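Working notes, beginning with the structure itself.
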Amino acid sequence: MIINFVDIKTLFLYIFTFFTKKHRFNFHILLMNQQQIDAFREALKFSPDNLPLRKLLAEALFNLARYDEALIEWKECLRLLPEDNELKVALAKTYFYQKNYTTAQYLLEEVVENHSYASAAMLLSKVLAELGELKQAKHYFDVAIQWDKGVYDKDFDDFLGRKIRDAGLAAPNDWVEEIETMVTHSNIEKPKISFKDVGGMEAVKEEIALKVIHPMKNPEIYKAFGKKIGGGILLYGPPGCGKTLLARATAGEINAHFISVGLNDVLDMWIGNSEKNLHNIFQEARQNAPCVLFFDEVDALGASRSDMRQAAGRFIINQFLDEMDGVKYSNEGVLILGATNSPWYLDSAFRRPGRFDRIIFVQPPDQKAREEIIKLQLLEKPTESVDVQSIAKQTADYSGADLRAVVDIAVESKLPESLKKGRVVPITNADLKNAVGRHKPTTKEWFATAKNYALYSNESGLYDDILKYLKLK
Ligand SMILES: Nc1ncnc2c1ncn2[C@@H]1O[C@H](COP(=O)(O)OP(=O)(O)OP(=O)(O)O)[C@@H](O)[C@H]1O
Ligand SMILES: [Mg+2]
């Protein structure tokens, strides 16, 4: 039936061209016409969730410079696969051609911040060049090539070079330095979420409040008692239990800036230049105080996984400790949070007073916390007679991320029916139950490892909380 609408040969050719990029351009010119587009649209009426087909349609529209329509299709694709970077880049590219540079920039920055996606970085460079942000454009141009030489674009290189010269910006030394700084810092933002967006974790929230939020809000009281504000908190625990989320929420809670540094990602890049770059990150936080400086995967500092890292490791650790101690520069107003799944790899020097002197175990959510998380995840989603309590009961050992996955599965299971009926069909308790059956908790593996450290390498009761959680103490 669907096939009737499409000349099969043409469709196959189309699919072929989609996957063999080499010949794509020629075939596209050959094939692009209204008839094909109609055929895709018709076929999609019968299977609206057919992602490959929708991508073809979006691509066809894009290639015909019908950007408005292409946008609609890319967005629809993203609704089906929200975290897909390739789709985000395709969407950004369409905005780029529409000259909607700021939206393109926004989309691409998100991709580039989290992934070493070279063509996204190159496109971002082009977007920034259009926006007149030449230094940043040059930065992302270099980053893109560093990630993958294959994305080098001679024409754009010339174009950017010309623009830079025209603007009288022939890169002086200080500019080079500035670019280096940009390579290392990740992103700075002011998170809009606060503690109320984090389900459960009451004890951890309280601890953070005591150590950082109250001092920030009432600095004069702390000063009166001669108490210095500073030091850091290290959050550790199984994956997906809200460490990163809580760190961002902490910044949101006190309306502070938030800088997140994924140490594993950037450490290799730092080798050779690590001390200066690490210093730059701390400086950026100091200049933006109040600021939460969040180091994710902080164990990367201790766990020298490659020879190269090993050699450089000691320097980085010393530098990190100096910066944390705030010897040369004051860390006033800078809250240092760290997170790790493997605290046992972390050099014990980090645990001295004034450094990560609070080490908090972020455990999988308990019954009440699970209820809260499920409620948060279901917020603004259509539901019908959902018994959150019973779902929470069935999800012991599930992390917050697991619970999110459960809700996602339930949502996905509801989409086809809703699309078919042409109206929103709410999520029921049965859907959620079903989804629980389809997603296993991911925290158990972590506890299998953690248990060994807690039992056999529990210096000064560091991991007592793990033992308590496992009811071994
Ligand atoms: N307490 C919570 N309240 C609400 N959502 C949560 C909670 N914990 C986890 N989530 C959900 O799970 C996602 C993953 O959590 P997060 O990234 O903070 O975990 P993590 O502990 O940092 O994991 P990892 O160790 O893998 O970095 C969050 O973005 C959020 O959607
Ligand atoms: Mg995390």
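The values are calculated or read from the model by the stated rules, or taken from the named source; none is laboratory data. None of the values given here were measured: they were computed from a predicted structure. Because the Cβ atoms are built from the backbone with ideal geometry, glycine has one as well, and the counts that use them run over all protein chains shown. When the accessible area is computed, the model is the full protein with side chains, heavy atoms only, and any ligands, DNA or RNA have been set aside. Shrake-Rupley method; radii C 1.70, N 1.55, O 1.52, S 1.80 Å.
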Task: Scan of the stretch 62-79 for residues that are of a type in the set (A, V, I, L, M) and at pLDDT 90 or above, ordered by number - done: 70, 71, 72, 78
TODO: For the stretch 251-270, indicate whether the set of residues that are at pLDDT 90 or above, open to solvent by 40 Å² or more (accessible area, probe 1.4 Å) and within 16 Å of ligand 2 (Cβ to nearest atom) is non-empty.
DONE: no
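This table checks each residue for (1) of a type outside the set (A, V, I, L, M); (2) farther than 29 Å from residue 44 by Cβ; (3) modelled with pLDDT of 95 or more.
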residue: 416; (1), (2), (3): yes, no, no
residue: 422; (1), (2), (3): yes, no, no
residue: 436; (1), (2), (3): no, yes, yes
residue: 454; (1), (2), (3): no, yes, no
residue: 465; (1), (2), (3): yes, yes, no
Task: Residues that are surrounded by 14 or more Cβ atoms within 10 Å (Cβ to Cβ) and either without any contact (Cβ under 8 Å) to a residue 12 or more places away in the chain or more than 15 Å from residue 362 (Cβ to Cβ) (or both), drawn from the stretch 455-469 - done: 455, 458, 464, 467
Task: Residue selected from the stretch 390-414 under the condition closer than 25 Å to residue 364 by Cα and in contact with an Asp or Glu (Cβ under 6 Å, 6 or more places away or on another chain), by the criterion modelled with the lowest pLDDT - done: 410
TODO: Among the residues of the stretch 204-227, count how many are touching a residue at least 24 places away in the same chain (Cβ under 8 Å) and exposed (fewer than 15 other Cβ atoms within 10 Å of the Cβ).
DONE: 1
- [ ] Within the stretch 381-405, count every residue that is open to solvent by 60 Å² or more (accessible area, probe 1.4 Å), more than 16 Å from ligand 2 (Cβ to nearest atom) and either under 25 Å from residue 447 (Cβ atoms) or not in a loop (DSSP other than H, G, I, E, B) (or both).
- [x] 5
Open item on the list: Can you pull out every residue in the stretch 72-107 that is in a helix (DSSP H, G or I) and of a type in the set (D, E, K, R)?
Closed with: 73, 75, 76, 79, 86, 88, 93
Open item on the list: Testing residue 348 on (1) buried (at least 17 other Cβ atoms within 10 Å of the Cβ); (2) under 20 Å from residue 466 (Cα atoms), one condition comes back false. Which one is that?
Closed with: (1)
Task: Complete set of residues in the stretch 191-212 that are within 20 Å of the chain's Cα centre (by Cα) and within 16 Å of ligand 2 (Cβ to nearest atom) - done: 191, 193, 197, 198, 199
Open item on the list: Under 6 Å between Cβ atoms, which residue pairs at least 6 apart in sequence (or on different chains) link something in the stretch 33-50 that is on the phi < 0 side of the Ramachandran plot with a partner that is among the β-branched types (Val, Ile, Thr)?
Closed with: 39/6; 43/2; 46/2
Open item on the list: I need a count of the residues in the stretch 85-124 that are buried (at least 19 other Cβ atoms within 10 Å of the Cβ), farther than 20 Å from residue 62 by Cβ and of a type in the set (Ser, Thr, Tyr).
Closed with: 0
Open item on the list: For the stretch 230-250: of the residues being on the phi < 0 side of the Ramachandran plot, among the small types (Gly, Ala, Ser) and not in a strand (DSSP E or B), which is nearest to ligand 2 (Cβ to nearest atom)?
Closed with: 247
- [ ] Could you list, in sequence order, all residues of the stretch 212-248 that are within 12 Å of ligand 1 (Cβ to nearest atom) and over 11 Å from residue 337 (Cβ atoms)?
- [x] 236, 237, 238, 239, 240, 241, 242, 245
Task: Top-ranked residue in the stretch 360-371 [being open to solvent by less than 60 Å² (accessible area, probe 1.4 Å) and within 24 Å of the chain's Cα centre (by Cα); ranked as farthest from ligand 2 (Cβ to nearest atom)] - done: 370
